[in-house]
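The values are calculated or read from the model by the stated rules, or taken from the named source; none is laboratory data. Bear in mind that the values here come from a model prediction, so they are computed numbers and not experimental data. Glycine also receives a Cβ, built like all others from the backbone with ideal geometry; neighbour counts cover every protein chain displayed. These accessible areas exclude ligands, DNA and RNA; they are computed on the full protein's heavy atoms, side chains included. Shrake-Rupley method; radii C 1.70, N 1.55, O 1.52, S 1.80 Å.
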Amino acid sequence: MNIYSAIVDGAKILKNKYILNPFLDSEILLAEALNKNRKYILLNPLKKIHKEDLIKFENLIKKRSNREPIAQIINKKFFWNSEFYVTNDTLIPRPDTELIVEYALKLTKYKNKLRVLDIGIGSGCILLSILKSKKDFYGTGIDVNKNCINITRKNAVKLEVNSRLKLVKSDVDKFFQGKYDLVVSNPPYIKRYLIRNLEKEVAIFEPRIALDGGLDGLSEIRKVINKTSELIKKNGKFILEIGYDQKNKVIKLLKKEGFYINSTLKDLAKNDRCIVCTKI
Ligand code: GLN
């Protein structure tokens, strides 16, 4: 069997299972099975595949057929400027969340030595992307899941920002350390009863704790806002990711805690996705 026919066979299996991008996924999984990049796969279509590698590939295709996300199968996801190590403990970094990084960098373009806090750090994608661009910023990340702390640490070493990063395993409401110039967070904000309606990739395979915002979707957002209000410096900036229908309610909560709303940002699908505000 050569590379090209393996990709076609894999894509057929995925297509029959209604996977959205069967050909692309098949290519990525074959590259993974062969321990090569996609460029190699595309440049060597007629190369023969060893039996063991083919078996590896078939197993990966089986996983994807069961709707396991590609990022979890290959333990990698590209976000902003870097590739992040991810597992089923971390929410898979999403392009929509790059909005937070984009705005954080815009707002701090002429700033030095800021202290940045990321509440619910997951894979570290938001905070580490900021630290990688801003070489004299210091980061603190908290997460309730110890595995996320370890995963972020590993990513920080890879991105060479580890010396400027402090990580604490903590619940948001039990964390009391420091004062910050900038706070970022992508908390869980899906209404609990709606999680099962999300696509299987998310509902079954992604960490529930990173999605579940309680009955009204706002229970973690409330905690994050209260904690940020406590730990942010006067005039500090706060960038928060929210659900597409939560803008008005979240703005109310923010105003009550003494934040001035600078702007709300729309994601690629034109949904309200982030709120940028300032502590007054
Ligand atoms: N944006 C994610 C989704 O589409 C949810 C992430 C979150 O709850 N923070 O499922």
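Some points to look at:
- For segment 147-164, a residue qualifies if it is without any contact (Cβ under 8 Å) to a residue 40 or more places away in the chain and either assigned to a loop (DSSP other than H, G, I, E, B) or among the hydrophobic types (A, V, I, L, M, F, W, C) (or both), and the qualifying residues are ILE149, ALA156, VAL157, GLU160, VAL161.
- Inspection of segment 12-29 identifies at least one residue that is at pLDDT 95 or above and touching a Pro at 6+ places or on another chain (Cβ under 6 Å).
- So ASN235, is it open to solvent by 30 Å² or more (accessible area, probe 1.4 Å), more than 10 Å from the ligand (Cβ to nearest atom) and in contact (Cβ under 8 Å) with a residue 40 or more places away in the chain: yes
- Residue that is nearest to the ligand (Cβ to nearest atom), among those in segment 199-211 that are open to solvent by less than 100 Å² (accessible area, probe 1.4 Å) and under 12 Å from PRO69 (Cβ atoms): VAL202
- Total residues in segment 1-13, condition part of a helix (DSSP H, G or I), of a type outside the set (A, V, I, L, M, F, W, C) and open to solvent by less than 100 Å² (accessible area, probe 1.4 Å): 3
- In segment 35-68, residue farthest from ILE151 (Cα to Cα) [restricted to those that are assigned to a loop (DSSP other than H, G, I, E, B) and in contact with a strand residue (DSSP E or B) (Cβ under 9 Å, 6 or more places away or on another chain)]: LEU46
- Taking segment 178-198 as the range and being away from the ligand (no atom under 12 Å from the Cβ) and aliphatic (A, V, I, L, M) as the test, the residues that pass are LEU182, VAL183, VAL184.
- Scanning segment 86-102 for residues that are under 30 Å from ASP181 (Cβ atoms), open to solvent by 50 Å² or more (accessible area, probe 1.4 Å) and in contact (Cβ under 8 Å) with a residue 60 or more places away in the chain turns up at least one hit.
- Each residue in segment 14-33 was checked for being surrounded by 12 or more Cβ atoms within 10 Å (Cβ to Cβ) and without any contact (Cβ under 8 Å) to a residue 24 or more places away in the chain, and 7 of them qualify.
- Selection within segment 62-107: residues that are more than 15 Å from LYS154 (Cβ to Cβ) and in contact with a Leu (Cβ under 7 Å, 6 or more places away or on another chain). The member of this set that is nearest to the ligand (Cβ to nearest atom) is ASP96.
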